[in-house]
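Structure, as structure tokens:
The values are calculated or read from the model by the stated rules, or taken from the named source; none is laboratory data. Predicted, not measured: the structure shown is a model, and the values here were computed from it. When we count neighbours, we look across all protein chains shown, and the Cβ atoms used for this are built from the backbone with ideal geometry, even at glycine.
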2 protein chains.
Amino acid sequence: MIVNGFKYSAVSAGIRKKDRLDLGLIYCDKPAIAAAVFTTSRVKAAPVLLDMERVRQGKAQALLVNSGVANACTGEIGMQAALTCSGLIAAALNIDENLVQIASTGVIGEQLPVEKIADAVDDLVGNLSSDNYDHVARAIMTTDTVPKTAERVCSIAGCDVKLFGIAKGAGMIMPDMATMLGFVMTDADIAADILQHHLSLAVKLSFNRITVDGDTSTNDTVLALASCEASNPEIDALDTGDSRIFAAALADLLKDLALQIVADGEGATKLVTIKVVNAQSEKDAEQAARTIANSSLVKTAFFGEDANWGRIIAALGRSGVEFDQNSVDIAFDDVVLVRDGLALGAAAETRATEVLKQKTFSVTVDLKTGQAGSEIYTCDLSVDYIKINADYRS
Amino acid sequence: MIVNGFKYSAVSAGIRKKDRLDLGLIYCDKPAIAAAVFTTSRVKAAPVLLDMERVRQGKAQALLVNSGVANACTGEIGMQAALTCSGLIAAALNIDENLVQIASTGVIGEQLPVEKIADAVDDLVGNLSSDNYDHVARAIMTTDTVPKTAERVCSIAGCDVKLFGIAKGAGMIMPDMATMLGFVMTDADIAADILQHHLSLAVKLSFNRITVDGDTSTNDTVLALASCEASNPEIDALDTGDSRIFAAALADLLKDLALQIVADGEGATKLVTIKVVNAQSEKDAEQAARTIANSSLVKTAFFGEDANWGRIIAALGRSGVEFDQNSVDIAFDDVVLVRDGLALGAAAETRATEVLKQKTFSVTVDLKTGQAGSEIYTCDLSVDYIKINADYRS
């Protein structure tokens, strides 16, 4: 979707492999309002360290992103490489270098091939167009099998406000975002601190609710840029109707992207929502849901289309959450398979097995210890996950 | 190894499949001193609940163990089944029912076929022999590919004291023991509280240091029985030389069994020791080692024989342990691959890749934040793990 103020471009710079888009640029006609959320890992890639510093000003005008090399664990050389690339792009665009954000994804521990990027900068800038919005989604793919984009339009004080998002991520996906990049371009007129608040909350409810393999990466970045060209009255407070409309659209967009990531989880054949209901607290519910969603045994049973609720209750048992094992109910979609800790028998299991044959289904665990609930989105663990990851670097 | 006082027996009761040993009995000529450690899961199988209560008296004379059905999540019927079986065995052996321990392993949520077990009791008791010590090791196998036994002899005050151990476990193995059964028979003369102390510590350093897939089960039990027939002076204190000799032999025995479990991890082709050294505290070291040892991405790289240290440092980054990413060293066996957070280059990587081709190797992570260290034992994550677990129940 074309969003007023933004142009996009992507080229094949040969960073890791030839003849595939691996370098992307997003550019705003003028400095955009910017907000971002980064990996919580103690090990942060050079571009993350650079962006964290720069985004504090609440503005950015360009984003340079590459796949192939993560520029993580690359020390001072890696930081210099990030700075060099941002300088080259700033010069070519004739903008302040501090308005350039950088993102990288790919193999950890290898240095960024700065010359290849330098050679590509002119083409990259030359190809900028508002029509090229899906090119960057392709350039940031690593083990992703499909590009991921989403769009929303919301109406704020009679103005159509557009949001366009792109994301990548397929493995090393857990809470706290993991090898996950997400970029949102909007024409909303919005204050930086409000955008940051809405973005942080939306990330918490979307990208931080998905898990492919429990791993978190060094490079996770979600960046939101607002060109402020939609002519809506500036959103400058949290609790107004306009602000809530925008926040809802942003959260919905990010959840859409997050679910695309899980559905494209490395080797995944199923998209599964783990719902824990009637827990003592939301924290309990989330912890229980996350433990189930990350269990290799549970995820392998999903792959095998086996309604093996014993693995679900075993994961629940080690989750650290308090409950009575003789009170738990478990359902696959609307098929209750376990009532008060006991299996309901062969007929229920047959129906549950039918649910598991679907590509998308939910597992609901009723703890009966309170009124709180939470959801985590996960996928199955397949033979292909192993194959993909056993030789990712080769 | 024959241990004075103990007899063993195993039969095929057809609990889940025909023509395989699935019911075992260990019997001591007189009530043995007993100590045990059980699963920390909130969901505990019926036999675990029963044993926990009974073992408090510090004595046991018989252990009845079955594979095929875990008798977990089976409610009141499951508890009655465990009681019925223990009653049948007590009657056949003519001993006090409270001296019978029960253990089960297998599928969660199915009821124990009590009649099949009842039909097998006479054969089981009739076959008891001190020579049959490895039969029970076969009867408790589920996805295990090999039976697991170990033996030690230590000299206490001039007496040879024997320890014979059997164990099972291949998946659902994490800290806190998981679907893991371990039984130790010794002829040591030892007080119950001292045996319990040494057993708890030895379990902490062995079975609780291994991980196959991060999952913990409902049935984990480690039971130690002492026939007191070795004629050694009774070990009745913790801090004597005799006590330390026995404790060391017990710990060594359990570590042997624990490593056999990891080496036989479902689908495993590699046995890997993750060592974290120079950490601020032992807790930090263990937490870091455990996070690395449980990472699906790290374990898949081991399977692929890929010296992908980026995944190791990424796991370290999300472990919650404090360190400086520019100070970390990583070595595979004695090949240092990363120094101060940076890769040492192609030659080191080639040598590290050679290390990974071995069936057994270690990964050492030097945090340089203190003097503490810890080790966790893990295996790789292979295509066969998925295949085994995708259709375990069928």
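A few notes on this one:
- Scope the stretch A:314-345; condition more than 9 Å from chain B (Cβ to nearest Cβ) and charged (D, E, K, R); matching residues: A:Asp329, A:Asp333, A:Asp334, A:Arg339
- Top-ranked residue of the stretch A:208-245 - restricted to ones that are at pLDDT below 95 and in contact with a Pro (Cβ under 9 Å, 6 or more places away or on another chain), ranked as nearest to B:Arg311 (Cα to Cα): A:Thr216
- Residue check for A:Arg311: without any contact (Cβ under 8 Å) to a residue 60 or more places away in the chain, facing another protein chain (nearest Cβ under 7 Å) and within 17 Å of B:Asn219 (Cα to Cα): no
- The set of residues in the stretch B:254-269 being of a type in the set (A, V, I, L, M) and surrounded by 24 or more Cβ atoms within 10 Å (Cβ to Cβ) consists of B:Leu254, B:Leu257, B:Ala258, B:Ile261, B:Val262, B:Ala268.
- Residue in the stretch A:80-102 that is in contact (Cβ under 8 Å) with a residue 60 or more places away in the chain and within 28 Å of A:Asn208 (Cβ to Cβ) present: yes
- Filter result for A:Val55 (crowded, with 23+ Cβ neighbours inside 10 Å and β-branched (Val, Ile, Thr)): no
- Considering the stretch A:360-388, and only residues there that are more than 12 Å from chain B (Cβ to nearest Cβ) and over 13 Å from A:Ile274 (Cα atoms), the residue that is surrounded by the fewest Cβ atoms within 10 Å (Cβ to Cβ) turns out to be A:Gln371.
- In the stretch B:361-375 there is no residue that is in contact with a strand residue (DSSP E or B) (Cβ under 8 Å, 6 or more places away or on another chain), among the hydrophobic types (A, V, I, L, M, F, W, C), within 27 Å of A:Ile386 (Cα to Cα) and part of a helix (DSSP H, G or I).
- Cβ-Cβ under 8 Å pairs, at least 6 apart or on other chains, the stretch B:118-130 side in contact (Cβ under 8 Å) with a residue 60 or more places away in the chain and among the charged types (D, E, K, R), far side outside any helix (DSSP H, G or I) and surrounded by fewer than 15 Cβ atoms within 10 Å (Cβ to Cβ): none
- Count of the stretch A:292-309 residues which are crowded, with 24+ Cβ neighbours inside 10 Å, farther than 13 Å from A:Val363 by Cα and not aliphatic (A, V, I, L, M): 5
- Restricting the search to strands (runs of 3 or more DSSP E) fully inside the stretch A:1-77 and requiring at least 1 residues that are at pLDDT below 95 and touching a helix residue (DSSP H, G or I) at 6+ places or on another chain (Cβ under 9 Å) gives A:23-38, A:59-69.
- Criterion violated by B:Lys357 - all others in (1) surrounded by fewer than 18 Cβ atoms within 10 Å (Cβ to Cβ); (2) touching a strand residue (DSSP E or B) at 6+ places or on another chain (Cβ under 6 Å) satisfied: (2)
- The set of residues in the stretch A:91-111 that are within 16 Å of A:Leu225 (Cβ to Cβ) and part of a helix (DSSP H, G or I) comprises A:Leu93, A:Asn98, A:Leu99.
- Residues that are facing chain A (nearest Cβ under 8 Å) and charged (D, E, K, R), drawn from the stretch B:274-308: B:Asp306
- The numbered conditions (1) within 24 Å of B:Thr145 (Cβ to Cβ); (2) modelled with pLDDT under 95 are all true for B:Leu205 except (1).
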